[in-house]
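To keep things clear, I will list the structure first and then write my remarks on it.
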Amino acid sequence: MIQKPAETEQKLSSIIAERWSGKAYDASQAISDEVITALCEAALWAPSCYGEAPWRYILCNRFKDEATWHKTLQCLSPGNQSWAINAPLLIITASMPLFTHNGNENRWSGYDTGAASLNLCLQATALGLMSHQMGGFDTDKLREVLSIPAKVNLWSVIAVGYPAPLDSLSDEMIERELKARSRRPLTEHFFENRWTD
Ligand SMILES: Cc1cc2nc3c(=O)[nH]c(=O)nc-3n(C[C@H](O)[C@H](O)[C@H](O)COP(=O)(O)O)c2cc1C
């Protein structure tokens, strides 16, 4: 099991520093119902525009319904499948496109759903789990497999599980897993008083 805390100038809250998108999961360790409820509640308590909470999640738990979990796994890109196969929980992230109070388009639904998903991932870190969000999946196939209506926005699949030693991964993946995490400098993302190219 490896830890890859963010290297920062200032000390961050440990769950922010310690969350990282690892690929080595313990396929034999189930996640309890209580822990899964905590992940869902963490997402639910995210802020959202008008308190709409537009996010919807579909949980596919290999220890509860292996056939559905497996069908979901098969919707991932081959590269993602190669490691997500060891993650016992695959969570589909979706959102409703309209506000319920007036039926207008909710143009913040993606923003809000991202916030909820990060809450979920941070709660996972706090509970000793690892999470890894994925955009690499076949949306049409996933809609068909899980009966997701066309009007619903689909954003990601999040792999969740307990971390494991790296043995389950290919040599190439191990090399990437061991690489230090990095970010561009703060000044490329944060500007003072005006937009700065
Ligand atoms: C919306 C989204 C889509 C992503 N898609 C993939 C993916 O398909 N496969 C993958 O291995 N990682 C994916 N990632 C993980 C990112 O590569 C990862 O978050 C990024 O490299 C930063 O690393 P860290 O999460 O460990 O800090 C995705 C992350 C996000 C937020």
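The number of residues in the stretch 58-94 being of a type in the set (S, T, N, Q), in contact (Cβ under 8 Å) with a residue 40 or more places away in the chain and away from the ligand (no atom under 13 Å from the Cβ) comes to 4. Residues of the stretch 142-159 that are of a type in the set (A, V, I, L, M, F, W, C) and either within 14 Å of the ligand (Cβ to nearest atom) or closer than 17 Å to Ala24 by Cα (or both): Leu142, Leu154, Trp155, Val157, Ile158, Ala159. Each residue in the stretch 90-121 was checked for being over 12 Å from the mean Cα position of the chain (by Cα) and either of a type in the set (D, E, K, R) or in a strand (DSSP E or B) (or both), and 5 pass.
Matching residues to (1) at pLDDT 95 or above; (2) not in a strand (DSSP E or B):
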| site | (1), (2) |
| --- | --- |
| Gly128 | yes, yes |
| Gln133 | yes, no |
| Leu142 | yes, yes |
| Val145 | yes, yes |
| Ile148 | yes, yes |
| Ser156 | yes, no |
| Ala159 | yes, no |
| Asp167 | no, yes |
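Ala38 meets each of the listed conditions (1) out of contact with any strand residue (DSSP E or B) (no Cβ under 8 Å at 6 or more places or on another chain); (2) within 12 Å of the ligand (Cβ to nearest atom); (3) within 15 Å of Ala124 (Cβ to Cβ) apart from (2). The sole residue among Ala87, Ala124 that is closer than 20 Å to Ile2 by Cβ, hydrophobic (A, V, I, L, M, F, W, C) and not in a helix (DSSP H, G or I) is Ala87. Selection over the stretch 124-141 of residues that are touching a strand residue (DSSP E or B) at 6+ places or on another chain (Cβ under 7 Å) and within 13 Å of the ligand (Cβ to nearest atom) gives a count of 10. Among the residues of the stretch 88-104, those that are of a type outside the set (Val, Ile, Thr) and within 30 Å of Ser131 (Cα to Cα) comprise Pro88, Leu89, Leu90, Ala94, Ser95, Met96, Pro97, Leu98, Phe99. Quickly run through the stretch 40-84 and pick out the residues that are part of a strand (DSSP E or B) and either hydroxyl-bearing (Ser, Thr, Tyr) or within 18 Å of Leu169 (Cα to Cα) (or both). The answer is Tyr57, Leu76.
The values are calculated or read from the model by the stated rules, or taken from the named source; none is laboratory data. Just so it is clear, the structure is predicted and the values come from calculations on it, not from any experiment. Every residue, glycine among them, receives a Cβ derived from its backbone with ideal geometry; neighbour counts consider all protein chains shown.
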